[in-house]
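None of the figures in this text is laboratory data; all of them are computed from the coordinates on show. Given the structure is predicted, the values throughout are model-derived calculations rather than measurements. Cβ placement follows ideal geometry from the backbone for every residue including glycine, while neighbour counts extend to all protein chains displayed.
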Amino acid sequence: MIEFLGDLVQWFGENWDGDAGYLHRIWEHITVSAAALGFAVLIALPLAAWLGHRGRGSLAAVSLVNIGRALPSFGIMVLALPFSIRLADAMPFIESGLGFLPTFIALFALALPPIFANTHAGVRAVDPETVEAARGMGLSGWRILTGVELPLASPLIFEGIRVTAVQVVATASLGALVAFGGLGRYIIDGFAARDSVEITAGALLVVALSLATGAVVGRLGRRLVPPALRNNRKPGNIPALVQVSR
Amino acid sequence: MRRQIRSRAVGAILVALALIASACGDDGSGDGTKEGPTITVGSFNFGESVILGEIYAQVLEAEGYPVSRTFNLGNRELVYPALADGTIDLIAEYTGSLLNHMHGTPTPDSQATYDAMVAAIADDGLVALAYAPGEDKNGFVVTAETSAALGLTKVSDLATHNGTLTLGGPAECPIRPLCLLGLQQTYGVEFESFRPLDSAGPITVAALEGGEIDVAVLYTSDGVIAAKGFVLLEDDRNLQPAENIVPVTTDEIIAAYGDDLVALLDAVTAAITTAELSALNKSYGIDATDADTLAHDWLVANGFLSD
């Protein structure tokens, strides 16, 4: 055990630089995770906010969450592979259909449902009387959404993004199965070579990066929430998944 | 120690379950015109092994031997003890892998590998019959288009394109002497890059088909090579150790049935070539034909059964 820990420490001392070093692997890991999360937010957040504002799409939100939970990310990755290979063929600016692209598609599919559901639930959870009051003051639909509903829903929205970010970073390890880099490389390659030190080091790095992601995204989110709503533990701020299933 | 006991216990349970399953199924325990112990034919848990088990079982049945089947037992860690203790009596093995399992060092020489393997299993009361010309080992595969465009038919041809091609295979390939290391040392082949994929599975096949990789590591008798029209590069400097198909049985079975049985099985084994294996694997894996139908048709086509 002591010997194993010694090997582990030595591993971290020796494998930090170069293309296969963990600094570069962490960067790859963050790049694909951030891209997937960013695109998911860009698409899911406006759509869910609009549908929530109009009072529509509850069924879609529930279905999306359930389907999203049931779909295995590895399955999506393998299914995405022939598609991404063809896409890379058709578009010369995409360098390869292996690696980044299928990993990105799988993580995007993973991130989309919870962000959509949390945003939708957050907007729907805003007190109807508040919305009614805003309308009474003569605010347009757009102003109600951006000035009243979204700020009130923001704790829930950012909590959804934080939880999703952690999940995406943890899952990005799977990209190693389709020739992507990232920290999963150490787990997959270590397993193939029966190198338990490399596997453990990779797993520790994934855990550390996931936790760090949760902390950073969480802090960022809190800063964007209106001050009056920070640390607010009203029923409207409990996680969306509970609300959706109600 | 504790883990070993547990894994043995699990192994014993699995063997018992497999036996129960096969006893419940219609295993056609032969009408047995020949007197003697029932020959329990086993197989590993992959298609090729099931087909080979079915081939041996059917030809024995046709000659009146009492036969039962215990297929899909598992991997070699499970199958070998079952063979050694007489739970199964006959299985189609692979010379290099079996020698490796017995802690020997297989070589590309079929006969030498076979001889060493025969000596290694004798202590366990096991007998290897003659080995087949057909083998199943690591192969380096390109698409027909790549083969034509770059003039690739042999592994040594790859060296004329050093630094331009991409290899795709299992993650352990770069550190394995029978994979990338061997290509570099034995053939002097250098790739532009290596893409870590799966072990001759669907990801590797999709990557080769889509042109993401130029050369793929697949198994030589993989049905997908024939189905997709891939070209298996000839291992012209014999990097890969021999992996000939070889039926292995027990002393008791040989003592009970003797030369007749040996002559019958040897004749069948001699007809199992790598091309035949590949065609059988293709029918099984891609056309989804049943193993018993495949085995029957193959035995008829090769003159071992009359209809």
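Assorted remarks:
- Sorted fewest first by neighbouring Cβ atoms within 10 angstrom, A:PHE116, A:PHE39, A:PHE108 come out as A:PHE39, A:PHE108, A:PHE116.
- With both residues required to sit in the protein assembly as shown, DSSP beta bridges show an antiparallel share near 55%.
- Label-to-label distance, nm, for residues given as B:LEU150 and B:THR33 (7 Å Cα→Cβ offset): 5.6 nm
- Extension gain, B:THR293 back to B:THR164 (0.36 nm per residue minus Cα-Cα distance, nm): 42.0 nm
- Backbone amide hydrogens, once placed in the peptide plane, bring B:ARG69 within less than 5 Å of B:VAL41, excluding anything fewer than 5 places away on its chain.
- The Cα atoms of segment B:202-307 cover 55, 35, 21 Å along the three principal axes, with the biggest extent listed first.
- If R0 is 45 Å, the Cβ-Cβ spacing of A:THR31 and B:THR105 corresponds to a FRET efficiency of close to 0.55.
- Rounded if a/c under 1.5, otherwise prolate or oblate - the protein assembly as shown, Cα gyration tensor axes: prolate
- If R0 equals 25 Å, the separation of the Cβ atoms of B:SER199 and B:ALA112 corresponds to a calculated FRET efficiency of about 0.40.
- Cα gyration tensor shape of segment A:1-150, rounded if a/c is under 1.5, else prolate or oblate by comparing a/b with b/c: prolate
- Those residues of segment B:79-116 whose amide nitrogen sits under 17 Å from the label point placed on B:GLN185, 7 Å along Cα→Cβ: B:105-109
- Exposure proxy shown here: for B:ILE51, A:ILE115, the number of other Cβ atoms within 10 Å sets the order, fewest to most, as B:ILE51, A:ILE115.
- Taking other C-beta atoms within 10 angstrom as a stand-in for reagent exposure, B:THR143, B:THR87, B:THR105 fall in the order B:THR105, B:THR87, B:THR143, fewest first.
- Theoretical gain in end-to-end length, A:ARG194 to A:VAL9 [0.36 nm per residue, Cα-Cα removed]: 64.8 nm
- Span-like helix ranges in chain B, DSSP H, alpha carbon extent 20 angstrom or more, Kyte mean at least -1.0: B:2-24, B:47-62, B:251-270
- Adding -39500 (n - 2.57) for every DSSP H run of four residues or longer, then dividing by how many residues chain B holds, sets the calculated 222 nm ellipticity at -14000 deg cm²/dmol.
- Part-to-part distance (alpha-carbon centres) for segment B:136-153 and segment B:286-307, which is given in Å: 29 Å
- Chain B: antiparallel DSSP beta bridges as a percent of all, rounded to 5: 55 percent
- Kyte-Doolittle at least -1.0, axis length at least 27 Å by Cα - qualifying DSSP helices, chain A: A:22-53, A:100-124, A:150-171, A:196-224
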